[in-house]
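Working notes, structure below.
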Amino acid sequence: MDLRYGGKRLKLVGNKTSAIEARRFFLLEDRAMPRNIFGKSDYQRWENEQNLSAAWDSRTKQIADLVEPGKSIIEFGAGRLVLKELIPENCSYTPSDLVDRGYGTIVCDLNSTTLPDLQKFDIAVFSGVLEYIYDVPRLILYLSSYVDVIIASYAVTDTNESDRHMLGWVNDYSSATFAKLFANAGFQWEREQTKKWEQQLIYKFTNTKCR
């Protein structure tokens, strides 16, 4: 049995793989090693609205400031739909999340082995989401067929080295490695538009295939 991770193949021994083989695979491919390559999304945590903190709204506001008027937007991990109220009035907004948040939510588990066919969107937004994704390269490549721009926050290891596991984060990327993941899928980092929220960075990436 083989495991495909970010377009690469890793041999499994039965239903498991040795820790040595897995570590060698991720190191050779210059990628951060997820803590659990068979991980699942935490439905119990995210279906409870008490876990959707209002303290994150200031991060959402910074993301909204990067959205140009007249754009179609899909927000993954839409939560309390705060972004919908902050983007320019002439933008269209589609929420997506693990559970139905109303307003036509596309219910989607980004850690699922299969991802849905989407309509085309101008912008995809991730606010505090990518830290919980086990295969970020696969997700970015998937979105390259559907969106022109990705705006994403991420807690890079440069400034968020400790307590990642306790927070439920399942990957560990430096700023340089994070940007490289997008470059590998054809997205250009708009460096001059990078923002900082607490110890996290907010990135804007443009799909070069759409130019």
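A few remarks follow.
- Within segment 193-211, considering residues that are part of a helix (DSSP H, G or I) and more than 14 Å from D65 (Cα to Cα), the one modelled with the highest pLDDT: T208
- Note on segment 97-134: residues that are within 9 Å of the chain's Cα centre (by Cα) and among the charged types (D, E, K, R) amount to 1.
- Among residues that are more than 21 Å from C91 (Cβ to Cβ), part of a loop (DSSP other than H, G, I, E, B) and modelled with pLDDT of 95 or more, D163 is not included.
- Here F205, F178, F187 are screened, and the one residue that is touching a Ser or Thr at 6+ places or on another chain (Cβ under 8 Å) and crowded, with 21+ Cβ neighbours inside 10 Å is F187.
- Flag for V67 being at pLDDT 95 or above, assigned to a loop (DSSP other than H, G, I, E, B), under 19 Å from the mean Cα position of the chain (by Cα) and surrounded by fewer than 18 Cβ atoms within 10 Å (Cβ to Cβ): no
- Residue match in segment 90-109 (condition: modelled with pLDDT of 95 or more, in contact with a Gly (Cβ under 8 Å, 6 or more places away or on another chain), surrounded by fewer than 18 Cβ atoms within 10 Å (Cβ to Cβ) and more than 16 Å from T60 (Cβ to Cβ)): yes
- When we screen A55, A78, A124 for residues that are closer than 22 Å to W169 by Cα, part of a loop (DSSP other than H, G, I, E, B), modelled with pLDDT of 95 or more and of a type in the set (G, A, S), the only hit is A78.
- Residue within segment 73-86 that is surrounded by fewer than 16 Cβ atoms within 10 Å (Cβ to Cβ) and among the small types (G, A, S) present: no
- The number of residues in segment 110-141 being among the hydrophobic types (A, V, I, L, M, F, W, C), buried (at least 22 other Cβ atoms within 10 Å of the Cβ) and within 20 Å of N51 (Cβ to Cβ) comes to 5.
- Every residue from segment 184-211 that is within 21 Å of N160 (Cβ to Cβ), in contact (Cβ under 8 Å) with a residue 40 or more places away in the chain and β-branched (V, I, T): I202
- The residues of segment 142-168 that are surrounded by fewer than 18 Cβ atoms within 10 Å (Cβ to Cβ) and hydrophobic (A, V, I, L, M, F, W, C), listed by number, are M166, L167.
The values are calculated or read from the model by the stated rules, or taken from the named source; none is laboratory data. Since this is a predicted model, take the numbers as computed values, not measurements. Quick reminder, even Gly has a Cβ in these numbers, built from the backbone with ideal geometry, and neighbours come from all protein chains shown.
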